[in-house]
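J.: Before we start, here is the structure in question, set down as structure tokens.
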Amino acid sequence: MKRKFISLLLAALLGLSGCAAQTDGEQGSVYWLNFKPEADGALQQLARDYTDLTGVKVKVATAAQGQYESTLTAEMDKSSAPTLFVVGNAAAVKTWGDYCYDLRDTPVYKELVTDDYTLYDEGGKVCSIGYAYECFGIIVNKTLLERAGYQVSDIRDFDSLRRVAEDIHARAQQLGFDAFTSSSLDSSSAWRFSGHLANIPLFYQARDKGGWSSAPERIENDYLDNYKAIWDLYINNSAADPRTLATPGYDAQSEFGRGEAVFYQNGSWEYPALVNDYGMKSEELTMIPIYTGVPGEEDAGLCNGTENCWAVNANASQQDIQATLDFMYWMVTSPQGTKLMAEQFGPIPYKQAAKTDNPFFNAAADYLSDGNYNVTWVFSHTPNVDDWRAGVVSALTQYCNGGDWKNVETAFVSGWATQYQAANN
């Protein structure tokens, strides 16, 4: 299924910055099933711009938060299935590898500056390539932190984070803001804790074993006391009643954007909304690691990685495959495409990447340049990820309503073993 990209040469002659014209008289189209709800508006506009520029139809559909796999499964059963979709981890490669076009010899692949975010099947096929990498941690409003009498440099580990957060919470009425935003457990937010926060104990377990190249059959309850410590800190130092966290209505982004809390666990993708929608300034924002009390964590950096990995549908028509590859190439080489990628997704691992002013990426780079270790995205190995996370969320909800923490440990450990067996048998 290897392609000669004659169309790219024709596009260059036409001055279309890498946009392709089909060479067989039939014009293909692109259907991108987008993984990131917060980027939907910008991508819809980009699709219209690309169609105006090239005449190639681009459809962007965005899956609801936490519903990507189920949406993809439903869409792939249709006659007009996505031509561009996300295969973001090893488990997804197992599920969707047969649908993936081999990207190894394509021009977009040759634009990569690293293979750190490339996913392969067991035969070495390039199933998907990273189109952006991200970081997550605890976002900090430096202005509010300073108003409370602290500097970011005062926070170097869990104990110092706890002292600062508990002091701010105790003075919340006087200060006019609280320590943490709400830790909502409804479907729009729970992934922050069953996925990203859960990465912390998983990362340290994996590190103790020398790293994971694939999902282990079993995990232990190691570092779940640390998970409990940070979760307790979140829910007990916020304006939100822990017993109501599973009910809809909380909006942590808005709470943070309106200046109602100093700390907000989330990722680099939040920057455009915080600046554009809430008027926050780059210089008042930064990100610190998620500290949980693990020995030596004062040397930790942010959590850097990606699940944003493009795959092309090998079952699409040749025209649609060609159109999709051309669109991807344009996204990572044209001024308009790279600008949007930088604004919406952050740094992209491609030769012609546009620079970003995102302070969260600057913080990630600073931690690494200072010699701190990278907290990698181990959660990408989670078996049957949606089902496992649902079990963790259910247990956290019970805990917030007075239940036993052992239920959370069971959801982690026994739930992992159950989902591993379901995924591999």
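FYI, it's all coordinate maths here, none of it is from the lab. Since the structure is predicted, the reported quantities are computational estimates derived from the model, not experimental observations. Because the Cβ atoms are built from the backbone with ideal geometry, glycine has one as well, and the counts that use them run over all protein chains shown.
J.: Using the basic label-point model (7 angstrom from Cα toward the beta carbon), what is the T114 to D154 distance in nanometres?
T.: 3.4 nm
J.: Work out, in µm²/s and without decimals, the Stokes-Einstein translational diffusion coefficient of the chain at 20 °C, 1.002 mPa s, Rh from Kirkwood over C-alpha pairs.
T.: Answer, rounded: 95 µm²/s.
J.: Quick one: plug the Kirkwood hydrodynamic radius of the range 307-379 (C-alpha pairs) into Stokes-Einstein at 20 °C, 1.002 mPa s, and report D in µm²/s. Write down the numbers at each step before the final one.
T.: Working: Rh = 14.5 Å.
For these conditions, the coefficient is 148 µm²/s.
J.: Enumerate the calculated ³J(HN,Hα) couplings along the range 340-351 in order (Karplus 6.51 cos²θ - 1.76 cosθ + 1.60, θ = phi - 60°), each rounded to whole Hz, writing x wherever the residue is Gly or Pro.
T.: So the J values, rounded to whole Hz, are 5, 4, 5, 6, 8, 10, x, x, 10, x, 10, 4.
J.: Now a separate question. Hey, what does the equivalent ellipsoid look like for the range 267-425, semi-axes from the Cα gyration tensor as sqrt of 5 times each eigenvalue, largest first, whole Å?
T.: Working from the Cα gyration tensor, I get semi-axes of 33, 26, 16 Å.
J.: Could I ask something else about it? Roughly what would the spin-label model give for D77 and R163, points 7 Å off Cα along C-beta, in nm?
T.: Placing both labels 7 Å along Cα→Cβ, they lie 5.7 nm apart.
J.: Follow-up question, since we're still on this one. Translational D (Stokes-Einstein, µm²/s) of the range 151-232 at 25 °C and 0.890 mPa s when Rh comes from the Kirkwood sum over C-alpha pairs?
T.: 163 µm²/s
J.: Here's a follow-up. May I ask you to list the aspartates and glutamates whose Cα is less than 14 Å away from that of K59, ignoring any residue fewer than eight positions away on the same chain?
T.: Of all the aspartates and glutamates, those that pass the test against K59 - Cα under 14 Å, at least 8 places apart if same chain - are D40, D49, E75, D320.
J.: Another question, then. Go through K142/K355; K110/K355; K281/K355; K78/K339; K281/K339 and tell me which ones have a Cα-Cα distance over 25 Å in this structure.
T.: Working: K142/K355 23 Å; K110/K355 20 Å; K281/K355 18 Å; K78/K339 33 Å; K281/K339 20 Å.
Flagged as over cut-off: K78/K339.
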